[in-house]
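Nothing in this text is a laboratory measurement; each read-out follows from the coordinates by a stated rule. Please read all numbers here as calculations on a predicted model, not as lab measurements. Cβ: placed from backbone, ideal geometry, glycine included. Neighbour counts: every protein chain shown.
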Amino acid sequence: MSSVRAVRDSVLEIDNRSWLVADRLIISLQPTAPSSGPFWSDGADAFYTISELAGEHPLPPTCPLPSSSPVQLVHDAGDANAAWRIGEAFLKVQTQFRPKCTREHATLDYLHDPSNNLELTCSIPRVLYHHEFNERYYLITTRVPGEPLEKAWPSMDEEAKQACVTQVVEACKELARKENDTICGVDGDELSETWLTVSQAAEQQYSHAALLAACRALGMVETTFSLAHCDLGPMNVLVDLQNGSKVGIIDWEMAGFVPKTWIRTKFRVCGAMNFDFAMGDEERAGDWRRRVQLHLAREGFPEVAEAWKRLFWEDWHARFG
């Protein structure tokens, strides 16, 4: 096998009907659905499949994805993570910086499991395939209809905007009904919520004890913790304007049990949930999270935003002067 490639270069073309992923997985386009194994539609009349390359086989010749390829890179975050649209599914590849934290496939499976009695009114992906090797995580999920609010919001009318806010707040309420006595992911592993601690330390801790201490420092006194998505920014909320502004929610890797107070606080303090299209206009940039946090306030969600900001800047000045 060759050396590990950059995340963005994980997918290479073998021919116009097959692709090599991370020198280990083969995605193929087939005319009919297979009788077993994961598969999904190409959006027309064919199906994609994924399988593992037999260890004794040499790697097939490959080339970079051409612009005409049906497999398209749609997200590239340096060498941390990348995503490709492949028919009616998405492949995500992530460098695994937090190996003790809950994986996204575990969360999605939990949300879809009828025994957990979670009825979400928004659309969410289903897991088609997952794997982990060479310190990278590979996940294929179904495509959720709609386009990100980041793209759709500027052309939406007020009624559609408010419909999105209402649906996301309803999703927050539906999730929060599931409770736990530990701050953690749905499977009990650590929670990858990087904003819950205000420290700028390079090695943040994500255990229940570490996150609970951070919560107590902020004045969050809950002893029971509510399920939350924790990253409902405008790239992770989709709106299907052709279907009554129906909302979908993607990217569940940060989801888990947190103090209910944190759900609204996150919207108040997290600049990463701003619109990028606003180009420095703070009022427009914060429109989405401002609307959501105000609606959450009306639904009785508390917040500790001022305490978070105060501790954040105290830590900043202590570290950087």
**OP:** Starting with the fewest neighbours, write out K100, K173 ranked by other beta-carbon atoms found within 10 Å of each beta-carbon.
**Re:** K100, K173
Subject >> Proportion of all alpha-carbon pairs of the stretch 34-183 beyond 25 Å (%) >> reply: 46
Subject >> Taking T107, T265, T182 and counting other C-beta atoms within 10 Å, the order from fewest to most >> reply: T182, T107, T265
Original post:
With the contact rule set at Cα under 8 Å and sequence spacing of 6 or more, what percent relative contact order holds for the stretch 7-95?
Top reply: 28
Subject >> Counting DSSP beta bridges with both ends in the chain, the antiparallel % (nearest 5) >> reply: 95
Subject >> Net charge contributed by nearby residues that have their C-beta within less than 15 Å of T265 (K/R +1, D/E -1) >> reply: +3
**OP:** Give me the percent of Cα-Cα pairs in the stretch 245-303 that sit more than 17 Å apart, rounded to a whole number.
**Re:** 50
**OP:** Bin all alpha-carbon pair distances of the stretch 147-320 at 5 Å intervals from 0 and give each bin's fraction as a whole percent.
**Re:** 1, 8, 17, 21, 20, 15, 10, 5, 2, 0, 0
Original post:
Whole number please: convex hull volume per residue of the Cα set in the stretch 46-107, in Å³?
Top reply: 167
**OP:** Subtracting the Cα-Cα distance from 0.36 nm times the residue separation, let me have the gained length for D240 to T142 in nm, one decimal.
**Re:** 33.7 nm
Subject >> Selected from A278, A44, A106 as most flexible by GNM, with the chain as the system and alpha-carbon contacts under 10 Å >> reply: A44
Original post:
Dipole magnitude of the chain about its Cα centre, charges +1 at Lys/Arg Cβ and -1 at Asp/Glu Cβ only, in debye to the nearest 20?
Top reply: 500
**OP:** Find, to one decimal place in angstroms, the Kirkwood hydrodynamic radius of the stretch 104-150, where the mean of 1/r is taken over every pair of different Cα atoms and then inverted.
**Re:** 12.3
Original post:
Tell me, how many Å apart are the Cα centres for the stretch 181-251 and for the stretch 81-98?
Top reply: 20
**OP:** Determine the alpha carbon to alpha carbon distance for each of K100/K161; K161/K260; K92/K309; K173/K309; K246/K309 and list only those over 31 Å.
**Re:** K100/K161; K92/K309; K246/K309
Original post:
What base-10 log of the normalised intensity I(q)/I(0) is obtained for the stretch 105-235 from the Debye formula, alpha carbons as equal point scatterers, at q = 0.12, 0.16 Å⁻¹?
Top reply: -0.62, -1.07
Subject >> Computed lengthening from E314 to H112, 0.36 nm per intervening residue step minus Cα-Cα distance >> reply: 68.6 nm
Subject >> Net charge dipole size for the stretch 184-294 [Lys, Arg +1 and Asp, Glu -1 on Cβ; Debye, nearest 20] >> reply: 540
**OP:** Calculate, in whole percent, how much of the Cα-Cα pair population of the chain lies beyond 37 Å.
**Re:** 20
Subject >> Calculated [θ] (222 nm, deg cm²/dmol) that DSSP helices of n ≥ 4 give over the chain, each run adding -39,500 (n - 2.57) >> reply: -8000 deg cm²/dmol
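How big is Rg to Rh over the stretch 7-95, alpha-carbon atoms, Rh as the Kirkwood inverse-mean-distance radius?
Values: Rg = 12.8 Å, Rh = 13.5 Å.
Rounded to two decimals, Rg/Rh equals 0.95.
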